[in-house]
Amino acid sequence: MSERAGSLPAAFWELTKPRLSFLSVLTSLAGYFCSAPEQPTDAKVLVSLAIGTALAAGGCGAINMWWESDADAKMERTCNRPIPAGILKPGAVLLFGMLLLSLGVVLVWQGTNPLAGALTAATAISYLFFYTPLKTMTSWCTLVGSLPGAIPPIIGTAAKLGQNGAAHIDTMGWLLFGLLFFWQVPHFMALAVMCREDYARGGFKVATVDDPSGRSAARWALLFIIPMLFVAGAIATNFFPRWTSPFVWVSFLAGAWFFKLTLDFAVPERRAAIAKPLFLASILYLPLVLLTLTLNRLF
C-alpha cells in the first residue's frame, strides 16, 4: 500500500492530481490578471474562477484515474494510485470526479459568465473524451492533449472581460493560449523519454514508445519550442515596448535556457541525460514567466 495514499483523505486528495490542478488555476489567474489590467478586480468573479477551475481540474484528474486505472496498475510511477492500490473503489472515484467537475463548471458559469463556463466544460470534454482515449491509439495524442492544457488562460480572460460587458477573448488571452499550447510539447517529450518503459507497459502510444530512440520526441520538442519563443516575444513586443521591462528580460533569459536544453536534448548521445533537466526546466519556465508577466502587467 502506498504511504502517500494510505488514508482516505490523502487518497481523495491524490485523485485531484493537485500539481496539474494548481497549474490550471495558475494559468487561469494569469489570464484574468493579464487581460485588461486597468479593470478593477471583482472579488466574486475572481473567487469563482479560482475555486471553480480547481474543482473542475480536480474532477478531470479523478475521472482520468478511474478511466486509466488498469494502465496505472501496470506502471511503476502510477501503481500506487488509489484505485490500483485498492484504497478506493472505481465507482466511488468516478462519482467523486463527476461531482467535482460538475460543481466546478457550474461555479465558473454562474460566478463569472457563460463563456468562461463553456470554456471550462470544453477543457474537460477535450481532456476526457479526446486526449485520454487517444493515448492508447496514437502518438498524436500529445498534440491533442495540448489543447485542454492551453484553455485555462482564456477562461481567465473571458472571466475578466465579462465583468463590464459581453465576455470575449482579447489578444493577450490568445497569446497566453499559444504559449501554453506550444510549451506542453517539449515539456511532455522530456517526460516521455524519462518514462518510456513505463508508458510502454501501460499501453500508451506516446512518441518514445513508437520510436525508442527518442529522435521523434526531440524533433517534436524543437518544432514546438520555437513558436513558443515567438509567442513570448510577441507578448513582449506588443505589451512591453520598453526593453527594460522585467518580463522582457525574464522571458528572454528563461527562454534561452529552455531552448539550449532542448537543443542538447536533440543530441542522441546526451538525450537520456538531458531529459530530466529539460523536464525540470520546463516546470520552472512556465510559473516564472507567467508570474513575471502578471506582476509586470499589474505594476
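The values are calculated or read from the model by the stated rules, or taken from the named source; none is laboratory data. Since this is a predicted model, take the numbers as computed values, not measurements. Glycine gets a Cβ as well: all are built from the backbone with ideal geometry, and neighbour counts include every protein chain shown.
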For this session: Any chance you could count how many residues in the stretch 203-235 are touching a residue at least 60 places away in the same chain (Cβ under 8 Å) and either hydrophobic (A, V, I, L, M, F, W, C) or within 30 Å of residue 299 (Cα to Cα) (or both)?
Result: 6
Exercise. Restricting attention to the stretch 220-230, does a residue exist that is at pLDDT 95 or above and either over 25 Å from residue 141 (Cβ atoms) or outside any helix (DSSP H, G or I) (or both)?
Worked result: no
Exercise. Of all residues in the stretch 90-117, how many are closer than 16 Å to residue 163 by Cα and surrounded by fewer than 16 Cβ atoms within 10 Å (Cβ to Cβ)?
Worked result: 2
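So which of 159, 150, 190, 167 ends up being touching a helix residue (DSSP H, G or I) at 6+ places or on another chain (Cβ under 7 Å), at pLDDT 95 or above and farther than 30 Å from residue 210 by Cα? Steps first, answer last, please.
Working: 150 fails: farther than 30 Å from residue 210 by Cα; 190 fails: farther than 30 Å from residue 210 by Cα; 167 fails: at pLDDT 95 or above.
Exactly one residue qualifies, and that residue is 159.
Residues are listed down the side, and each one gets a yes or a no for (1) within 23 Å of the chain's Cα centre (by Cα); (2) assigned by TED's automatic domain parsing to the domain that holds residue 22; (3) farther than 22 Å from residue 175 by Cα; (4) free of Cβ contacts under 8 Å to residues at least 40 places away in the same chain:
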{"site": "237", "(1), (2), (3), (4)": "no, no, no, yes"}
{"site": "241", "(1), (2), (3), (4)": "no, no, no, yes"}
{"site": "255", "(1), (2), (3), (4)": "yes, no, no, yes"}
{"site": "266", "(1), (2), (3), (4)": "no, no, yes, no"}
{"site": "270", "(1), (2), (3), (4)": "no, no, yes, yes"}
{"site": "290", "(1), (2), (3), (4)": "yes, no, no, no"}
{"site": "296", "(1), (2), (3), (4)": "yes, no, no, no"}
Exercise. Taking the condition touching a helix residue (DSSP H, G or I) at 6+ places or on another chain (Cβ under 7 Å), touching a residue at least 60 places away in the same chain (Cβ under 8 Å), in a helix (DSSP H, G or I) and closer than 21 Å to residue 185 by Cβ, does residue 286 pass?
Worked result: yes
For this session: Being surrounded by fewer than 21 Cβ atoms within 10 Å (Cβ to Cβ) and closer than 20 Å to residue 215 by Cα narrows it down to one of 246, 241, 277, so name that one.
Result: 277
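In the stretch 114-141, which residues are closer than 21 Å to residue 168 by Cα, hydroxyl-bearing (Ser, Thr, Tyr) and without any contact (Cβ under 8 Å) to a residue 40 or more places away in the chain? Reasoning before the result, please.
Let us first name the residues in the stretch 114-141 that are closer than 21 Å to residue 168 by Cα, namely 114-126.
Restricting the remaining residues to those that are hydroxyl-bearing (Ser, Thr, Tyr) gives 120, 123, 126.
Hit for the stretch 114-141 is 126, nothing else.
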For this session: Taking only the stretch 249-271 into account, find how many residues are aliphatic (A, V, I, L, M) and crowded, with 18+ Cβ neighbours inside 10 Å.
Result: 3
